[in-house]
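Peer 1: Quick one: the structure is below, questions incoming.
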Amino acid sequence: MKLPLSWLKDYVDIGDISAKELADKLLNIGFEVEEIIELGKDIINVKTGKIISIEKHPNADKLKVCETDMGDYKTIIVTGAPNVAEGDIVPVALNDSYLPGDKHIVSSPLRGVMSNGMFCSGSELAIDNSVIEGAEINGLLILPPETPLGVDIREILGLTETILDVSVTSNRPDCQSIYGLSREIATILNKQVKQPDLSYKTYPAEQAIPSVAIENTDICPLYTGRMIKDIKIERSPKWMRDRLRYMGIRAINNVVDITNYVLMEIGQPLHAFDINLVLGGVQVRSAKENETIVALDGKKYNLTTDMLVIADSQKPVAIAGVMGGEYSGINDDTHTVFLETARFAKGSVRSTSRELGLRSDSSAKYEKGVDFYCVETGRERALALFDKLGAGKVCDAKVDAGVTIPEKKVITTTAQRICDLIGIDIDVKVMTEILTNLGIEVVEKDGVMNCTIPLYREDIDNYTDLAEEVIRYYGYDNITSSFIAFAHPTVGGMSARQKNVENVKDIMVSYGAYEALTYSFITPKQYDLLGYDKDSDMRKCIPILNPLSEELSVMRTQLIGSMLNSVYINLSRRNNNFRLFEIAKAYIPESLPITKLPKENETLSFAFVGDNEDFYQAKETVSAVLNSLGIDYKLERSNKQFLHPGISADIIDNEGEVIGSFGKLHPKTADAFKIEGTVFVGEITLEKYIENEKKIKKFSALPKFQVIDRDIAMVIDEEITIGEIIETIKNAGGSWCDSVELFDVYRGSQIEKGKKSVAFKIYIRCDEKTLVDAEIQEFMSNIINSLTNNYNAQLRS
């Protein structure tokens with residue numbers, strides 16, 4: 001937000017405080033000044049002069065020798081400008097002067113005649129026609145004939161202004177204006193802020209003012225209209241043109257300039273319609289299907305039903321809060337104006353502006369927020385300017401539609417409660433003075449404070465906001481450090497959760513994976529791409545109340561979709577072999593709409609991409625992670641929609657809960673995410689085990705008795721997994737089964753179709769004795785019988 005100091009002085013007596021000092025004070029209350037702009041600082045010792053006489057240069061045909069009156073003395077300037085004439089008043093760069101671009105001008109002879117400086121063009125002064133007419137012509141800048149002589153050119157051109165570029169945080173839309181910042185600065189300097197001039201005369205209306213109907217007051221809570229007759233379209237006065245230029249706005253004519261001036265001064269967007277082009281009353285409604293409008297920028301826009309428009313009985317005349325229509329604007333034939341002042345929902349304006357790719361100063365303001373105070377004050381200020389500039393006569397006819405302007409909020413708190421929150425004691429009188437200077441009415445009795453909040457401070461909701469206002473102006477540097485009450489000393493270091501997360505990250509990095517970071521907000525369409533059923537619990541996502549876009553509109557319940565988006569981005573940039581992982585939260589609500597905070601599950605997701613990747617590499621990585629957390633688990637065939645049904649597995653812990661899945665990406669899911677090539681993905685919910693302390697490894701003595709191994713080959717149904725067989729063998733073998741290893745899987749002509757031959761090496765050991773052949777034979781018989789009974793397996797000879 002640009003803040004010209006001359007404009008600020010209209011509302012606050014800032015005395016002789018420097019721009020740097022004011023910037024420091026603003027920083028202390030939370031407003032950073034990004035830049036201090038001093039207009040004309042590159043123009044030094046350039047003054048106005050009048051050409052008295054012109055003589056031909058004795059030694060050069062194209063040069064002229066000009067005697068120039070500088071007010072209190074005369075001097076000689078040699079020039080080659082084509083448009084020089086006697087009686088012209090021009091800018092004169094005198095000896096030892098400077099121009100933009102660090103050009104240094106000194107007296108020097110030109111072809112034998114001493115020139116004590118040079119005449120300047122608009123381009124040499126780095127100005128254009130917005131500063132003064134004629135600045136862009138090819139030749140000298142000719143100043144108006146009434147221009148005084150010997151005066152600094154910066155004063156004539158309005159280039160003596162100092163402007164603060166203030167960064168205003170998003171929670172303070174009331175400060176997105178000159179007057180809003182003036183209120184804050186008045187409080188800093190302990191001065192009174194002057195009220196804007198809202199006085200004007202009214203005249204009888206000569207025609208009926210258009211009626212106003214609002215379709216949805218949630219999107220447009222308030223819409224007011226005023227009528228101004230006998231409009232005189234002309235150039236705005238120089239002071240207004242200069243101030244608009246300081247704000248980066250091009251002056252157009254007095255009517256349009258008044259609306260832009262009020263936008264900058266009060267923070268209220270306005271729009272002026274030619275009343276004769278608004279037929280049959282004003283309707284604030286949603287656009288109709290396939291409706292179009294040609295905006296003031298001359299472009300045609302296709303509207304959708306979720307966009308708000310201002311319309312008459314026949315057509316849209318403006319895109320609400322964004323831009324007016326071309327055929328209802330002000331022109332040379334305009335005699336009566338309908339002045340619109342309204343409050344539109346910032347979300348509606350933001351989405352419309354983004355969807356149309358159309359931004360304006362008004363939409364930028366509406367996106368930040370407009371309060372009820374702005375609507376009233378901005379309208380009255382505009383009418384006062386119409387009256388002051390003679391741009392038209394304000395009629396007594398008016399129309400208002402929408403909700404009733406709400407009463408001011410009243411917050412009741414105590415001085416002690418505010419002090420407890422801040423952490424220091426502040427006298428209640430000091431608090432009252434600070435809040436009163438900010439426009440907050442305070443009635444204090446016995447430490448109880450009843451605070452009435454002005455309508456322009458919609459950001460203040462409770463006593464904590466009042467405490468923030470108090471400490472901003474009392475001074476953060478007055479806060480003293482102290483111990484927290486009832487605090488207990490703590491031992492530094494990472495918690496078990498933090499250690500486990502870091503350990504898992506280290507494991508993933510050791511397997512060649514790079515950590516990815518993705519948004520917790522996703523699009524609900526992601527669940528369609530992953531193939532989840534319509535009634536799946538995974539689709540029960542928490543919606544965002546005010547999302548930036550549909551792509552970031554819900555909180556995710558899984559990380560796989562975000563990981564696959566990252567895979568797509570990398571592949572589209574020809575990174576064809578890589579490994580990624582992410583540890584982040586998945587948000588699982590108990591019910592929708594939520595009544596309490598959701599469960600936040602720490603979750604690991606990963607993707608291994610490349611032709612050299614396979615299921616066993618993914619399995620090895622998963623095993624390393626699970627073992628590091630001390631999780632006892634088994635693997636079963638997975639039926640996740642996004643995984644290949646034959647090359648995937650679910651991870652089941654010792655309580656029978658599925659805590660994750662991994663495997664090759666399903667071809668349909670790959671197509672949905674536009675992914676080509678070999679991709680293995682996985683997701684593990686770590687929350688259940690992430691708080692566990694790392695188990696201390698205990699030493700076990702070396703076995704006293706030897707280990708015996710036996711091989712076994714069984715023919716078994718194809719759908720039986722190796723994991724299920726190994727678990728059955730271990731259960732049948734009991735404590736004597738030391739370990740089981742798969743060493744062969746055979747499918748071929750010698751095996752019945754639909755079956756497979758699997759061979760295992762079984763290690764047998766007893767901690768109490770050396771086993772004899774009969775015991776070993778009984779051990780193996782138990783295993784064979786168990787496999788036969790459970791899976792109808794047959795011993796292969």
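Peer 1: Considering only the range 739-746, I want to know if a residue exists there that is touching a residue at least 24 places away in the same chain (Cβ under 8 Å), under 26 Å from Ile647 (Cβ atoms), over 60 Å from the mean Cα position of the chain (by Cα) and outside any helix (DSSP H, G or I).
Peer 2: no
Peer 1: Picking from Ile252, Ile258, which residue would you name as being open to solvent by 40 Å² or more (accessible area, probe 1.4 Å), of a type in the set (A, V, I, L, M) and either under 28 Å from Asp174 (Cα atoms) or modelled with pLDDT of 95 or more (or both)? If you could, list the steps in order and put the result at the bottom.
Peer 2: Details: Ile258 fails: open to solvent by 40 Å² or more (accessible area, probe 1.4 Å).
The match here is Ile252.
Peer 1: Scan the range 647-677 for residues that are open to solvent by 30 Å² or more (accessible area, probe 1.4 Å) and either in contact with a Lys or Arg (Cβ under 8 Å, 6 or more places away or on another chain) or assigned to a loop (DSSP other than H, G, I, E, B) (or both) and jot them down. Steps first, answer last, please.
Peer 2: At the first step, the residues of the range 647-677 found to be open to solvent by 30 Å² or more (accessible area, probe 1.4 Å) are 647, 654-658, 664, 666-668, 671-672, 674, 676-677.
Ile647, Asn654, Glu655, Gly656, Glu657, His666, Lys674, Glu676, Gly677, listed by residue number.
Peer 1: Also, quick follow-up: Here is a list: Ser6, Ser97. Which entry is among the polar types (S, T, N, Q) and in a strand (DSSP E or B)? Before the answer, list the steps.
Peer 2: Details: Ser6 fails: in a strand (DSSP E or B).
Just one listed residue meets the conditions, Ser97.
Peer 1: Being part of a loop (DSSP other than H, G, I, E, B) and open to solvent by less than 30 Å² (accessible area, probe 1.4 Å) is the filter here, so list the residues in the range 100-128 that pass it.
Peer 2: Step one: of the range 100-128, the residues part of a loop (DSSP other than H, G, I, E, B) are 100-102, 106-107, 111-112, 116, 120, 122-128.
Passing the criteria: Pro100, Cys120, Gly122, Leu125, Ile127.
Peer 1: I need the strands (runs of 3 or more DSSP E) fully contained in the range 365-468, keeping only those with at least 1 residues that are in contact (Cβ under 8 Å) with a residue 60 or more places away in the chain and either of a type in the set (D, E, K, R) or surrounded by 15 or more Cβ atoms within 10 Å (Cβ to Cβ) (or both).
Peer 2: Strands (runs of 3 or more DSSP E) meeting the threshold: 393-402.
Peer 1: Just for the range 59-95: of the residues that are hydrophobic (A, V, I, L, M, F, W, C), open to solvent by 20 Å² or more (accessible area, probe 1.4 Å) and touching a Ser or Thr at 6+ places or on another chain (Cβ under 9 Å), which one is farthest from Pro145 (Cα to Cα)?
Peer 2: Taking the candidates together, the pick is Leu63.
Peer 1: Moving on to the next point. Could you figure out which of (1) modelled with pLDDT under 90; (2) open to solvent by less than 40 Å² (accessible area, probe 1.4 Å); (3) farther than 27 Å from Gln498 by Cα isn't true of Gly630?
Peer 2: (3)
Table: residues versus (1) out of contact with any Phe, Trp or Tyr (no Cβ under 6 Å at 6 or more places or on another chain); (2) more than 21 Å from Asn546 (Cβ to Cβ).
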position: Gly347; (1), (2): yes, no
position: Lys365; (1), (2): yes, no
position: Tyr373; (1), (2): no, yes
position: Glu380; (1), (2): yes, yes
position: Ala397; (1), (2): yes, yes
position: Lys408; (1), (2): yes, yes
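Peer 1: With the structure loaded, tell me whether Arg637 is among the charged types (D, E, K, R), crowded, with 18+ Cβ neighbours inside 10 Å and in contact with a strand residue (DSSP E or B) (Cβ under 7 Å, 6 or more places away or on another chain) or whether it fails that test.
Peer 2: Values: among the charged types (D, E, K, R): yes; crowded, with 18+ Cβ neighbours inside 10 Å: no; in contact with a strand residue (DSSP E or B) (Cβ under 7 Å, 6 or more places away or on another chain): yes.
For Arg637, the condition - among the charged types (D, E, K, R), crowded, with 18+ Cβ neighbours inside 10 Å and in contact with a strand residue (DSSP E or B) (Cβ under 7 Å, 6 or more places away or on another chain) - is not met.
Peer 1: Tally the residues that are closer than 28 Å to Leu99 by Cα and either open to solvent by less than 10 Å² (accessible area, probe 1.4 Å) or within 29 Å of the chain's Cα centre (by Cα) (or both), restricting the search to the range 23-58.
Peer 2: 12
Peer 1: Right, next: Across the range 745-764, which residue is farthest from Thr788 (Cα to Cα) among those that are open to solvent by 20 Å² or more (accessible area, probe 1.4 Å) and at pLDDT 90 or above?
Peer 2: Checked the range 745-764; the qualifying residue farthest from Thr788 (Cα to Cα) is Tyr763.
Peer 1: Criterion first (of a type in the set (A, V, I, L, M) and touching a Ser or Thr at 6+ places or on another chain (Cβ under 6 Å)) does Ile544 satisfy it?
Peer 2: So Ile544 fits the description; yes.
Residue-by-condition table, conditions (1) out of contact with any helix residue (DSSP H, G or I) (no Cβ under 8 Å at 6 or more places or on another chain); (2) on the phi > 0 side of the Ramachandran plot:
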| residue | (1), (2) |
| --- | --- |
| Glu676 | no, no |
| Phe680 | no, no |
| Lys698 | yes, no |
| Ile712 | no, no |
| Asp738 | yes, no |
| Gly754 | yes, yes |
| Tyr763 | yes, no |
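Peer 1: Another question about this same structure. For Val294, all conditions in the list (1) out of contact with any His (no Cβ under 8 Å at 6 or more places or on another chain); (2) in a strand (DSSP E or B); (3) surrounded by 19 or more Cβ atoms within 10 Å (Cβ to Cβ) hold save one; what is the number of the exception?
Peer 2: (3)
Peer 1: Being outside any loop (DSSP other than H, G, I, E, B) and open to solvent by 40 Å² or more (accessible area, probe 1.4 Å) is the filter here; which residues of the range 678-698 pass it?
Peer 2: Once the filter is applied, which keeps residues that are outside any loop (DSSP other than H, G, I, E, B) and open to solvent by 40 Å² or more (accessible area, probe 1.4 Å), the range 678-698 yields only Thr685.
Peer 1: Quick one: would you say Asn260 is in contact with a His (Cβ under 9 Å, 6 or more places away or on another chain) and in a helix (DSSP H, G or I)? Reasoning before the result, please.
Peer 2: Details: in contact with a His (Cβ under 9 Å, 6 or more places away or on another chain): no; in a helix (DSSP H, G or I): yes.
Considered against the rule, which asks whether it is in contact with a His (Cβ under 9 Å, 6 or more places away or on another chain) and in a helix (DSSP H, G or I), Asn260 comes out as no.
Peer 1: Same structure, new question: In the range 344-361, which residues are out of contact with any Cys (no Cβ under 7 Å at 6 or more places or on another chain) and buried (at least 24 other Cβ atoms within 10 Å of the Cβ)?
Peer 2: Val349, Thr352
Peer 1: Quickly run through the range 164-193 and pick out the residues that are among the hydrophobic types (A, V, I, L, M, F, W, C) and open to solvent by less than 10 Å² (accessible area, probe 1.4 Å).
Peer 2: Leu164, Val166, Cys175, Ile178, Leu181, Ile185, Ala186
Peer 1: Within the range 542-581, restricting attention to residues that are in contact with a helix residue (DSSP H, G or I) (Cβ under 8 Å, 6 or more places away or on another chain) and under 15 Å from Pro598 (Cβ atoms), which residue is most open to solvent (accessible area, probe 1.4 Å)?
Peer 2: The selected residue is Ile544.
Peer 1: Further, regarding this structure: Does the range 531-590 hold any residues that are part of a helix (DSSP H, G or I) and of a type in the set (A, V, I, L, M, F, W, C), and which are they?
Peer 2: Within the range 531-590, Met538, Leu552, Ile560, Met563, Leu564, Val567, Ile569, Leu571 qualify.
The values are calculated or read from the model by the stated rules, or taken from the named source; none is laboratory data. For clarity, every value in this text was computed on a predicted model and none was experimentally measured. With ideal geometry, Cβ positions are generated from the backbone for all residues, glycine too; neighbour counts draw on all protein chains shown. Only protein heavy atoms, including side chains, enter the accessible area calculation; ligands, DNA and RNA are left aside. Shrake-Rupley method; radii C 1.70, N 1.55, O 1.52, S 1.80 Å.
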